[in-house]
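Engineer: Here it is: the structure, laid out below.
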Amino acid sequence: MTSHTPFTWPDGQQCAVSLTYDDAIPVHYERVAPLLTEKGLTATFYICAHGGFTSNPAPWKQVAAQGHELGNHSLFHPCRREPEENYSWLSPHYDLCDYSSQRWTDEMRVASCLLNQLDGETDRTFGNTCCHTSIGRGNKKKDLSELIDNMFVAARGPLTHEIVTPQTLSFPALGHFSGDRKTFGEMQPDIERAINMKGWMILMFHGVGEGTHGHYIETEEHTKLLNYLEEKSKDIWTASLVKVAKHLKNNP
Ligand SMILES: [Zn+2]
C-alpha cells in the first residue's frame, strides 16, 4: 500500500521513531524495557521463540504489561544461507531458501500464538530475520510481503538506512537503520532528518552493552539516545512498530 499524503503525527509531533530489539535476550527485560518505561517510551522486542525464550518466557509478560510490543521474530530464526560460509551458525534445517509458503506461515502462526499467551494481543508486527525478505530459490524465490500482509499489521523489512516517508511506505517491508555499534552522535543527524521530513525512523538493535550479543550498542550510547528521545518527546513520537503502523493505517 502506498500513500502520498504527508504523515500526520499525534499531538503535533514532527516524526516517529521506533526502536526495535531483536532475539529475546535477557538484557532486554532486565535493563532496556524498564529504562524505556521510566522515560515514557515504548518499543518493539522481536522475540525469536526458540532458544532462551522457551526456558524463561515469564519476564516477557512483564515487558508486554509495560506497553511494549512483543514482535514476532519467528520460531527458529531461519535466514537465507547465502553465502553458506557466512551462515555457519545457522542449521541447514532453517534455511529460508528451502522454505515453502506453507511452512513459513505455519511457523509464524505458532510463534504468534506463543506470544499471544503472554500479551493477549492479536495485532502484531513481524521483524524479518537477518533482514531477509524472501523464501525459496531460483524461479521459486518468493517475496514475503504477501504472506506478511495476511498475518501481520506490518513488518520491519530490508536494511535500507532510509527514513520511511509516504513515498517509500510499504507496511510489509518497512526500511530501517541498524543501531548496532553506533554512537548516539552517529544516529542523531538521521533523527533530525526524520523530524525535518516528518517521517518515520525505524532502528534495529540486538544487544545493549558488551557481552550481551555479538551485535550490540554500548550502554552509554544507548542511554544518551533514550535521554534525547525523552527530552524531545514534544517533537518525536517514540513508539512501538505496531502502534505507529496502526496509527498510519487509521490516518491515511
Ligand atoms: Zn534476529
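The values are calculated or read from the model by the stated rules, or taken from the named source; none is laboratory data. None of the values given here were measured: they were computed from a predicted structure. Cβ atoms come from the backbone with ideal geometry, glycine included; neighbour counts cover every protein chain shown.
Engineer: Looking at (1) away from the ligand (no atom under 16 Å from the Cβ); (2) within 27 Å of Asp11 (Cα to Cα), which is the one condition that is false for Glu218?
Structural biologist: Exception for Glu218: condition (2).
Engineer: How many of the residues in segment 222-237 are free of Cβ contacts under 8 Å to residues at least 24 places away in the same chain and in contact with a Ser or Thr (Cβ under 7 Å, 6 or more places away or on another chain)?
Structural biologist: 0
Engineer: If you take the residues in segment 197-221 that are in contact (Cβ under 8 Å) with a residue 40 or more places away in the chain, in a loop (DSSP other than H, G, I, E, B) and over 30 Å from Pro166 (Cβ atoms), which one is nearest to the chain's Cα centre (by Cα)?
Structural biologist: Looking at the filtered set, the residue picked out is His213.
Engineer: Go over the candidates Lys182, Lys243, Lys224 one by one and state the one that is of a type in the set (D, E, K, R), in a loop (DSSP other than H, G, I, E, B), at pLDDT 95 or above and away from the ligand (no atom under 16 Å from the Cβ).
Structural biologist: Result: Lys182 is the single residue among Lys182, Lys243, Lys224 that is of a type in the set (D, E, K, R), in a loop (DSSP other than H, G, I, E, B), at pLDDT 95 or above and away from the ligand (no atom under 16 Å from the Cβ).
Engineer: Between Val63, Val27, Val17, which is of a type in the set (A, V, I, L, M) and touching a helix residue (DSSP H, G or I) at 6+ places or on another chain (Cβ under 6 Å)?
Structural biologist: Among Val63, Val27, Val17, only Val63 is of a type in the set (A, V, I, L, M) and touching a helix residue (DSSP H, G or I) at 6+ places or on another chain (Cβ under 6 Å).
Engineer: Can you tell me which of Thr219, Thr125, Thr165 is at pLDDT 95 or above, touching a Leu at 6+ places or on another chain (Cβ under 6 Å) and on the phi < 0 side of the Ramachandran plot?
Structural biologist: On inspection, the qualifying residue turns out to be Thr125.
Engineer: Further question: Looking only at helices (runs of 4 or more DSSP H) that fall completely inside segment 1-118, which ones have 2 or more residues that are in contact (Cβ under 8 Å) with a residue 24 or more places away in the chain, crowded, with 21+ Cβ neighbours inside 10 Å and away from the ligand (no atom under 15 Å from the Cβ)?
Structural biologist: The qualifying helices (runs of 4 or more DSSP H) are 33-38, 58-65.
Engineer: Look at segment 136-152 and say how many of its residues are over 15 Å from Arg109 (Cβ atoms) and not polar (S, T, N, Q).
Structural biologist: Within segment 136-152, residues that are over 15 Å from Arg109 (Cβ atoms) and not polar (S, T, N, Q) number 8.
Engineer: Could you say whether any residue in segment 141-149 is more than 17 Å from the chain's Cα centre (by Cα) and either in a loop (DSSP other than H, G, I, E, B) or within 16 Å of the ligand (Cβ to nearest atom) (or both)?
Structural biologist: Yes, segment 141-149 has at least one match.
Engineer: Here's something else I'd like to know. Give me the residue from segment 119-130 that is surrounded by fewer than 18 Cβ atoms within 10 Å (Cβ to Cβ) and either among the small types (Gly, Ala, Ser) or within 16 Å of the ligand (Cβ to nearest atom) (or both) and, out of that set, nearest to Val242 (Cα to Cα).
Structural biologist: Here the residue is Gly120.
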